[in-house]
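In what follows, a structure is listed as structure tokens, so that the remarks can point back to it.
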Amino acid sequence: MFAKWGSLAYRRRWVVLVATVLLAVLGGVWGLGVFDKLSQGGYEAPSSEAARADKVAEEAFGRKNGDVIVIYRGDFANPLELKKVADHIGGLPKDDVLGVVGPVPADDKQQALVAITLTSSDSNEQIKQFEEIEPRLAIDGFSQQVGGLVPTQKAINDMSQADLTRAEMFSLPLVLLLLVVIFGGLVAASLPVVVGGLAIMGALGVLHVIAIYTEVNSFAVNVASLLGLGMAIDYGLFMVGRFREELAAGRTTEQAVGRTVASAGRTVLFSATLLVIALAGLLIFPHGFLKSLAYGGVAAVAIAALVSLTLLPALLGVLGHRVDKLAMPWRKKEPSERGWRKLSGKVMKRPVLVAVPIIGVLAALGAPFLGVQFGQVTEKVLPEGNTVRVATENINQNFSALSNTGFKVVVKGGDQAAVQEYLGKVKDVSGVGEVQPLGQGNGVTAVSAGLEQDALSDTSKQALKDVRALTPPAGAEVLVGGNTAMVSDSLDAIADGLPLMIALLVGATLVLMFLAFGSVVLPIKAVVMSALSLSATFGVLVWVFQEGHFADLLGVTPGPLESGIVVLMAAIVFGLSTDYEVFLLSRMVEARGSGASTEEAVTTGLAKTGRVITSAALLLIVVTGAFAFSQVAMMRFVGVGMILALALDATVVRMLLVPAVLKLLGNAAWWAPGPLKRIQERLALHDEPADDLDEEVRVPAAVG
């Protein structure tokens, strides 16, 4: 099948080339409209108790969310000063402002808080409304700080877009330079970049379509850009490298294209399928944020693979030997495999001495993850000193009962005397601060309960459990919402979906790798290797971002890890680990199918792919590592995490640990029960060898 497609792509190369470029460009141009449809929400579990508390209160009293919080400084012991603020805020446009609470003076009378609820409930529209009223918040004679949910979302969005632009401006030229060094020529180096650009454009078009029908968080674009370029480079390296290898073996351009698609193309498809399934696992969770990341990631990876299997073979067919045009001086001969063969020999000479220490170090690096704590996106993801973060921290400290960080206790039904008695018990719960009424009517009573400590502290989490454990009034339903409750419920929803996601990742890896390689041992080994790499990466991230080691150097505030980003990273890192495993094993199985011993097959696989895998990892580190310098802490987390994961996986795990383990397994590595082997032979993606292929280089149908 793949050989036939390669031959067709060569014969119809101009049609394939023009059609692919046209579709991707048109999709990208239209996809630019997605930026006006992106949201900033989706971090909560929609059906949670906290979400239902908000819904019941809103239905009873209307929206009173305090989307924008303003703190004015002045002498508010003077009632005339309060009136001046109230009159000014009362003049804000009614099209944008639904309601206002305050001004409420602080205990020292030197500050007063105003909570503004915007008319729209859509996060994207709220940001536009905030931009409209922001210049009108200033009052002569008063200084002000502006914080709250919507200003925080706007600050995160603005910084993320600026970081994305800066990352691309930094990474793209450096990636192109590294590709020139790796390929030794400008023409070959430009091919993966072209594929990456088209993949990003196509992904934007897909996201625009999705955004018309459902909520898409703005971080979906970041993920699409990161993975679209990164995976296009990976696939481009593998495909172009194999094409040049076939040309160097004396084959014609048509033969080289056919063999490249039949071998490297099949590997790309298997790798992309595994990564797409890993990212699609995010759809299991109810959070709109995680679903959005799945949309962006799946679209980017799928289109990168599609372009690599259509445009790239067509381009290679057009270029032929001209793929080596504009070569650099060092491109006079093929890169030597001697170093990789020597490394393989040393590893397999003493496999136990290599494997045991590496496994021990990876396990030690992963140990801090046992103490992981999870949180949600707060103002703390913004840099210290950021005006929105400073304002929000001031609100939480001095106006806790009016901030969005406390509990929202909603009582539906019940006798009022019993309800008030119940609310009195809420005040007495340890960790609960001042209680303020939010509304009463339509059979609903709601109060806001401040917290004595940070919303995500252990004390506040225990207070939530204690409040929810109180016996509700007879005939009443009690719902507890607020930031602590929202985070707690969100984490519970993630915990509920995590086993299914893990089962999906592991199951897909086992099945697809078995179909690819015809062994039941290799897929199990791949899962274990990926799990070791993943745990080591997260252990280091906990040590830095939660426990605070080197936090000052990175400019982040230590605290609980954002649960959604952790789940995203798990999917990406597991997928990439498996991706490199497929690249490596494909050449090993190919050599094994040609009659090589286990040791010879491992050596050949490492020699043929070692340079490609390490180069791909280096380039992806440049692409994703640029986010390590992001102003937003959770994007910095992604950048640092990807650097760690790629550096560990592409070097220590794939180049050292995998060959050592395969040596220890010996011939058992290729084993599968007879019945399963026969099923694999029937179900695997078969490719009849092309007539023009030499017998000694034909590969089995199951080889990638």
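Of the residues Pro659, Pro675, the single one that is more than 24 Å from Asp163 (Cβ to Cβ) and either surrounded by fewer than 24 Cβ atoms within 10 Å (Cβ to Cβ) or assigned by TED's automatic domain parsing to the domain that holds Leu510 (or both) is Pro675. Is it true that some residue in region 214-231 is within 14 Å of Asp324 (Cβ to Cβ) and surrounded by fewer than 21 Cβ atoms within 10 Å (Cβ to Cβ)? No, the conditions are met nowhere in region 214-231. Against the conditions (1) of a type outside the set (Gly, Ala, Ser); (2) surrounded by 14 or more Cβ atoms within 10 Å (Cβ to Cβ); (3) under 21 Å from Ala45 (Cα atoms); (4) free of Cβ contacts under 8 Å to residues at least 12 places away in the same chain, Gln440 satisfies every one except (3).
Here Ser519 fits the description: under 29 Å from Trp671 (Cα atoms) and in a loop (DSSP other than H, G, I, E, B). Asp458 satisfies every condition listed in (1) more than 30 Å from Leu290 (Cβ to Cβ); (2) surrounded by fewer than 17 Cβ atoms within 10 Å (Cβ to Cβ) except (1). When residues of region 26-36 are filtered for being closer than 19 Å to Ser308 by Cβ and in contact with a Leu (Cβ under 6 Å, 6 or more places away or on another chain), how many remain? Of the residues in region 26-36, 1 are closer than 19 Å to Ser308 by Cβ and in contact with a Leu (Cβ under 6 Å, 6 or more places away or on another chain). Each residue in region 500-520 was checked for being closer than 18 Å to Leu283 by Cβ and of a type outside the set (A, V, I, L, M, F, W, C), and 2 pass. Applying the condition of being among the hydroxyl-bearing types (Ser, Thr, Tyr) and closer than 21 Å to Leu38 by Cα to region 118-151 and asking which residue is surrounded by the most Cβ atoms within 10 Å (Cβ to Cβ) yields Ser123.
The number of residues in region 545-567 being assigned to a helix (DSSP H, G or I) and either closer than 13 Å to Gly375 by Cα or assigned by TED's automatic domain parsing to the domain that holds Leu293 (or both) comes to 7. The set of residues in region 24-52 being surrounded by 18 or more Cβ atoms within 10 Å (Cβ to Cβ) and at pLDDT below 80 consists of Gly31, Val34, Leu38, Ser39, Gln40, Gly41, Gly42, Tyr43, Glu44, Ala45.
Table: residues versus (1) of a type outside the set (Asp, Glu); (2) over 21 Å from Ile127 (Cβ atoms); (3) out of contact with any Leu (no Cβ under 9 Å at 6 or more places or on another chain).
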site	(1), (2), (3)
Val16	yes, yes, no
Thr20	yes, yes, no
Ala24	yes, yes, no
Leu38	yes, no, no
Glu44	no, no, yes
Ser47	yes, yes, yes
Ala50	yes, yes, no
Ala53	yes, yes, no
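Residues checked against (1) touching a Leu at 6+ places or on another chain (Cβ under 6 Å); (2) under 22 Å from Ser488 (Cα atoms):
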| position | (1), (2) |
| --- | --- |
| Asn394 | no, no |
| Gly406 | yes, yes |
| Val409 | no, yes |
| Ala417 | no, no |
| Gly431 | no, yes |
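Out of region 381-392, which residues are modelled with pLDDT under 75 and not in a loop (DSSP other than H, G, I, E, B)? The one that is modelled with pLDDT under 75 and not in a loop (DSSP other than H, G, I, E, B): Val381.
Among the residues making up region 585-609, those that are crowded, with 24+ Cβ neighbours inside 10 Å, closer than 14 Å to Leu656 by Cα and of a type outside the set (Val, Ile, Thr) are Leu585, Gly605, Leu606. For region 86-109, does any single residue satisfy the condition of being out of contact with any Phe, Trp or Tyr (no Cβ under 8 Å at 6 or more places or on another chain), under 15 Å from Ala391 (Cβ atoms) and modelled with pLDDT under 80? Yes, region 86-109 contains at least one residue that is out of contact with any Phe, Trp or Tyr (no Cβ under 8 Å at 6 or more places or on another chain), under 15 Å from Ala391 (Cβ atoms) and modelled with pLDDT under 80. Within region 121-156, the set of residues being free of Cβ contacts under 8 Å to residues at least 60 places away in the same chain and outside any helix (DSSP H, G or I) comprises Ser121, Ala138, Asp140.
The values are calculated or read from the model by the stated rules, or taken from the named source; none is laboratory data. These numbers were taken from a predicted model, which means no experiment stands behind them. When we count neighbours, we look across all protein chains shown, and the Cβ atoms used for this are built from the backbone with ideal geometry, even at glycine.
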